[in-house]
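Student: Once you've had a glance at the structure underneath, I'll fire off some questions.
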Amino acid sequence: MAQIGSLPYAIHQVFSDFDDLSEAARQWTLDLRQLDRGAFHGELTQFGVGAAHVSRARFGRKLIQKGSPLNGRRMIAVPSRNVEEFFWRGIRVTNQDLIVFPRGAEMAATSNPDFDVYTCSFSEELLRTLSESQGVGELDEMLGDASVIRCRVSALESARKCFGQLCSQMRGGASLGDPQLVHCLSHDLPIRLLSAISTSHGARVSEMTRKRELALMRAEAFVERCAEGYIDVQDLSRVAQVSKRTLEYAFVERFGLAPNAYLKSYRLNSVRRELRAADSVVVKIADIANRWGFWHMGQFAADYRAQFDELPSQTLRRANS
């Protein structure tokens, strides 16, 4: 299915590059960074008609996901039953949970290689009309301050079934003008989601201590500002205002990496991003690598290949092909 410039639209693509996936995604601005080592494999299905949009994203590597959805719509996400867990805005999410994006909230997730999540967006007017017709409260009344809620298994399975049918129809080449498909997308699916929310077991909250949460926030912000300079774990510990041991516990709990491994991964991703945007005629790989703290080019190339399953020169060639 080809992407169409205006609604309705449908996309179904397989990706070997997470930045290509970010650029292809509709309804989102995405910033992905790969944390673990190996070749990336991802799959994205997206389609939209009028007031309703649906995505299914599958990522085969451990990623930091940041970004934001387009304004003016309410975003709801449901993990597939294959997902064990991932972190969303500091909250551990499992396949028994449902996420509702707060208005204006940015995405900040750490996902594992089993990431497989359905996401949908609906207009406020559509959700309000359906809430009234079903005799349930409006979305924000039901949620309160919660953004992640634990749901009844049967209610989530009902929503997943609807998501799965819609995505299968799209991959099979169904017409976006099919009245049955449009009804399922703009009526059946949001009603099942509202039902899951109205009968949920309550809010999920972060299991990490406030001390570790604050330490991580400070450390991440410092890395984003200063990663081009020399940073070590002692610097991170000082900025985070916790001991090195506490900082390590926090990083391993959230990212599955010790702080020094996280730093190295961040720098490798930053090099890769520059290589993808560079002109191979003008740019020297060594200059970019040195700027991000990699001075031994043989070791850098080996680390880069282990992280992304390709050499820096291959990334640069692909970007210029």
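The values are calculated or read from the model by the stated rules, or taken from the named source; none is laboratory data. Being a predicted model, the structure only gives us computed values, none of them experimental. Here the Cβ positions follow ideal geometry from the backbone for every residue, glycine too, while neighbour counts run over all protein chains shown.
Student: Inspect all residues belonging to the stretch 255-277 and state whether any of them is acidic (Asp, Glu), out of contact with any helix residue (DSSP H, G or I) (no Cβ under 8 Å at 6 or more places or on another chain) and more than 25 Å from Glu85 (Cα to Cα). It would help to see each step written out before you state the result.
Tutor: Kept after step one, since they are acidic (Asp, Glu), are these residues of the stretch 255-277: 274.
Within this subset, residues satisfying the condition of being out of contact with any helix residue (DSSP H, G or I) (no Cβ under 8 Å at 6 or more places or on another chain) are none.
No, the stretch 255-277 contains no residue that is acidic (Asp, Glu), out of contact with any helix residue (DSSP H, G or I) (no Cβ under 8 Å at 6 or more places or on another chain) and more than 25 Å from Glu85 (Cα to Cα).
Student: Any residue in the stretch 65-87 that is in contact (Cβ under 8 Å) with a residue 12 or more places away in the chain sitting within a Cβ distance under 6 Å of a residue that is β-branched (Val, Ile, Thr) and in a loop (DSSP other than H, G, I, E, B)? List the pairs, counting only those 6 or more apart or interchain.
Tutor: Glu85/Thr94
Student: Which count do you get for residues in the stretch 261-276 that are more than 13 Å from Leu32 (Cα to Cα) and among the small types (Gly, Ala, Ser)?
Tutor: 1
Student: Let me spell it out: the conditions are (1) outside any loop (DSSP other than H, G, I, E, B); (2) over 27 Å from Ala77 (Cβ atoms); (3) at pLDDT below 90, and Met170 meets all of them except one. Which number is the exception?
Tutor: For Met170, the failing item is (2).
Student: Then there is this: With Ala319, Ala301 as the choices, which residue is without any contact (Cβ under 8 Å) to a residue 12 or more places away in the chain and out of contact with any strand residue (DSSP E or B) (no Cβ under 9 Å at 6 or more places or on another chain)?
Tutor: On the way: Ala319 fails: without any contact (Cβ under 8 Å) to a residue 12 or more places away in the chain.
Exactly one residue qualifies, and that residue is Ala301.
Student: Can you confirm whether Val239 is among the aliphatic types (A, V, I, L, M), out of contact with any Leu (no Cβ under 8 Å at 6 or more places or on another chain) and at pLDDT 90 or above?
Tutor: On the way: among the aliphatic types (A, V, I, L, M): yes; out of contact with any Leu (no Cβ under 8 Å at 6 or more places or on another chain): yes; at pLDDT 90 or above: yes.
Yes, satisfied.
Student: Within the set of pairs 6 or more residues apart or between chains, which connect a residue that is modelled with pLDDT of 95 or more inside the stretch 40-62 to a residue that is acidic (Asp, Glu) with Cβ atoms less than 7 Å apart?
Tutor: Hits for this filter: Phe40/Asp17; Arg58/Glu43; Arg58/Asp116; Arg61/Asp36; Lys62/Asp36.
Student: Next question, about the same structure. Only residues that are of a type outside the set (A, V, I, L, M, F, W, C) and within 22 Å of the chain's Cα centre (by Cα): list them for the stretch 213-242, please. Quick ask: steps written out before the conclusion?
Tutor: Filtering the stretch 213-242 down to residues of a type outside the set (A, V, I, L, M, F, W, C) leaves 213, 218, 220, 224-225, 228-230, 232, 234-235, 237-238, 241.
Glu213, Arg218, Glu220, Glu224, Arg225, listed by residue number.
Student: Still on this structure, I have one more. I'm trying to understand the selection: among the residues of the stretch 116-127, which are assigned to a helix (DSSP H, G or I) and surrounded by 14 or more Cβ atoms within 10 Å (Cβ to Cβ)?
Tutor: If we filter the stretch 116-127 for residues that are assigned to a helix (DSSP H, G or I), which is where we start, we get 124-127.
Correct list: Glu124, Leu126, Leu127.
Student: Of everything in the stretch 286-321, what is among the small types (Gly, Ala, Ser), part of a loop (DSSP other than H, G, I, E, B) and either surrounded by 15 or more Cβ atoms within 10 Å (Cβ to Cβ) or modelled with pLDDT of 90 or more (or both)? Give them in sequence order.
Tutor: First, the residues of the stretch 286-321 that are among the small types (Gly, Ala, Ser): 286, 289, 293, 298, 301-302, 306, 313, 319, 321.
Restricting the remaining residues to those that are part of a loop (DSSP other than H, G, I, E, B) gives 293, 321.
Once the filter is applied, which keeps residues that are among the small types (Gly, Ala, Ser), part of a loop (DSSP other than H, G, I, E, B) and either surrounded by 15 or more Cβ atoms within 10 Å (Cβ to Cβ) or modelled with pLDDT of 90 or more (or both), the stretch 286-321 yields only Gly293.
Student: Here's something else I'd like to know. Which condition from (1) more than 22 Å from Glu43 (Cβ to Cβ); (2) touching a Cys at 6+ places or on another chain (Cβ under 8 Å) is the one that Leu98 breaks?
Tutor: Tallying (1) more than 22 Å from Glu43 (Cβ to Cβ); (2) touching a Cys at 6+ places or on another chain (Cβ under 8 Å), Leu98 fails exactly one: (1).
Student: Also, quick follow-up: Is there a residue being outside the structural domain of Leu32 (by TED's automatic domain parsing), within 22 Å of Ile64 (Cα to Cα) and either among the basic types (Lys, Arg) or loosely packed, with under 15 Cβ neighbours inside 10 Å (or both) anywhere in the stretch 274-285?
Tutor: Keep residues of the stretch 274-285 that are outside the structural domain of Leu32 (by TED's automatic domain parsing), which gives 274-285.
Right, trim to within 22 Å of Ile64 (Cα to Cα) and you get 274-277.
Now drop any that are not either among the basic types (Lys, Arg) or loosely packed, with under 15 Cβ neighbours inside 10 Å (or both), which leaves 276-277.
Checked against the condition, which is being outside the structural domain of Leu32 (by TED's automatic domain parsing), within 22 Å of Ile64 (Cα to Cα) and either among the basic types (Lys, Arg) or loosely packed, with under 15 Cβ neighbours inside 10 Å (or both), the stretch 274-285 yields at least one hit.
Student: Got at least one residue in the stretch 97-107 being under 20 Å from Ala24 (Cβ atoms) and either assigned to a strand (DSSP E or B) or of a type in the set (Ser, Thr, Tyr) (or both)?
Tutor: yes
Student: Test of understanding: among Arg89, Arg81, which residue is out of contact with any helix residue (DSSP H, G or I) (no Cβ under 8 Å at 6 or more places or on another chain), charged (D, E, K, R) and surrounded by fewer than 20 Cβ atoms within 10 Å (Cβ to Cβ)? Before you say what the answer is, go through the steps one by one.
Tutor: Details: Arg81 fails: out of contact with any helix residue (DSSP H, G or I) (no Cβ under 8 Å at 6 or more places or on another chain).
Just one listed residue meets the conditions, Arg89.
Student: Report whether or not Ser186 is in contact with a strand residue (DSSP E or B) (Cβ under 9 Å, 6 or more places away or on another chain) and assigned by TED's automatic domain parsing to the domain that holds Ile76.
Tutor: Working: in contact with a strand residue (DSSP E or B) (Cβ under 9 Å, 6 or more places away or on another chain): yes; assigned by TED's automatic domain parsing to the domain that holds Ile76: yes.
When the stated conditions are applied, Ser186 passes them.
Student: Just give me the residues in the stretch 197-216 being hydrophobic (A, V, I, L, M, F, W, C) and loosely packed, with under 14 Cβ neighbours inside 10 Å, in sequence order.
Tutor: We begin by selecting, within the stretch 197-216, every residue hydrophobic (A, V, I, L, M, F, W, C); these are 197, 203, 205, 208, 214-216.
The answer is Val205, and nothing else.
Student: Also: Tally the residues that are touching a helix residue (DSSP H, G or I) at 6+ places or on another chain (Cβ under 6 Å) and either part of a helix (DSSP H, G or I) or surrounded by fewer than 18 Cβ atoms within 10 Å (Cβ to Cβ) (or both), restricting the search to the stretch 135-155. Don't jump to the end; show me each part of the working.
Tutor: We begin by selecting, within the stretch 135-155, every residue touching a helix residue (DSSP H, G or I) at 6+ places or on another chain (Cβ under 6 Å); these are 136, 138-139, 142, 151, 155.
Next cut, either part of a helix (DSSP H, G or I) or surrounded by fewer than 18 Cβ atoms within 10 Å (Cβ to Cβ) (or both) only: 136, 138-139, 142, 155.
Residues flagged as touching a helix residue (DSSP H, G or I) at 6+ places or on another chain (Cβ under 6 Å) and either part of a helix (DSSP H, G or I) or surrounded by fewer than 18 Cβ atoms within 10 Å (Cβ to Cβ) (or both) within the stretch 135-155 amount to 5.
Student: Check Leu193 against each of (1) in the same structural domain as Cys120 (by TED's automatic domain parsing); (2) modelled with pLDDT under 95 and name the one condition it does not meet.
Tutor: So Leu193 meets the others, but not (2).
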